[in-house]
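Here's the structure, in structure tokens; my notes come after.
The values are calculated or read from the model by the stated rules, or taken from the named source; none is laboratory data. If you're wondering where the values come from, they're calculated on a predicted model, not measured in any experiment. Counting neighbours? That spans all protein chains shown, and the Cβs are built from the backbone with ideal geometry, glycine included.
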Amino acid sequence: MACEETPDDQIGEALLIGVIEDQVKSVNAAGDTSSLGIPKPKPLSHAQNQMLLNQLADTIRVIGDRLDMDTGFNDMIDGLGRVANKNSFWKLVEGVFSDGQINWGRIIVLFYSVGKLAAKMVLAHLPEVFSEILNLSLDYFRRTLLQWIRNMGGWINSISGVTRFSIEQFSASSFRRISPSAGQWVVFGAGVLLGGIIVWRLKRFT
């Protein structure tokens, strides 16, 4: 009997929405995001898909912790935050995919960066811009990234690509295009260990 196809659209939307919600909660003392109109992701029907989503969310947190220590990344987010309109999202996309190439690591960086940028709009009390960034990012995922993800075999095949991804290599070619004052770059060195944990846990459900 053939395995049911992983719902890559649901996983991607839930992952992106989760990142945005986490970042907004981190800057909102009350932790209440109900007034922002953040959509609720569709529930995943299989435990393995939920496990994959949870592990991808953990991966973003690990990469995000390293990005947060990077001067260039923070300068980039601060600069985009000052744009304070939907153009900030497109500038972010242009920077992340500056050479037109998509890979797993860049998708993860984009998701985390969107979350940080959205949180900036909440801090600036710009709910309309927040909504624009939220909707644009979901639309960009559906129209551009989802087909690439499916062509690569789905999110289940993202783990090896993410573990090989170097923030140092990416930063030098991308963050600097957005923020000329970029500082020292961070290497994502915990990927191999994290990827091994993810693969081991997923095998328990196969």
Filtering segment 97-118 down to residues that are of a type in the set (S, T, N, Q), within 15 Å of the chain's Cα centre (by Cα) and in a loop (DSSP other than H, G, I, E, B) yields Asn103
Only one of these conditions is not met by Trp148: (1) out of contact with any helix residue (DSSP H, G or I) (no Cβ under 7 Å at 6 or more places or on another chain); (2) touching a residue at least 40 places away in the same chain (Cβ under 8 Å); (3) surrounded by fewer than 18 Cβ atoms within 10 Å (Cβ to Cβ); (4) under 22 Å from Asp22 (Cβ atoms). Which number is it? (4)
Cross-chain or 6+ apart pairs with Cβ under 6 Å, segment 94-119 first and farther than 16 Å from Ile77 by Cα, then charged (D, E, K, R) and surrounded by fewer than 24 Cβ atoms within 10 Å (Cβ to Cβ): Ser98/Arg177
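Results for (1) of a type in the set (A, V, I, L, M); (2) at pLDDT 85 or above, shown as yes or no for each residue.
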residue	(1), (2)
Asp9	no, yes
Ser26	no, yes
Ser34	no, no
Ala47	yes, yes
Asn54	no, yes
Gly81	no, yes
Val93	yes, yes
Yes or no: Met69 out of contact with any helix residue (DSSP H, G or I) (no Cβ under 8 Å at 6 or more places or on another chain), more than 14 Å from Trp155 (Cβ to Cβ) and either exposed (fewer than 14 other Cβ atoms within 10 Å of the Cβ) or of a type outside the set (Phe, Trp, Tyr) (or both)? yes
Testing Ser88 on (1) more than 28 Å from Pro7 (Cβ to Cβ); (2) surrounded by 19 or more Cβ atoms within 10 Å (Cβ to Cβ); (3) at pLDDT below 90, one condition comes back false. Which one is that? (3)
For segment 125-165, which fully contained helices (runs of 4 or more DSSP H) count at least 2 residues that are over 30 Å from Leu36 (Cα atoms)? 146-151, 158-163
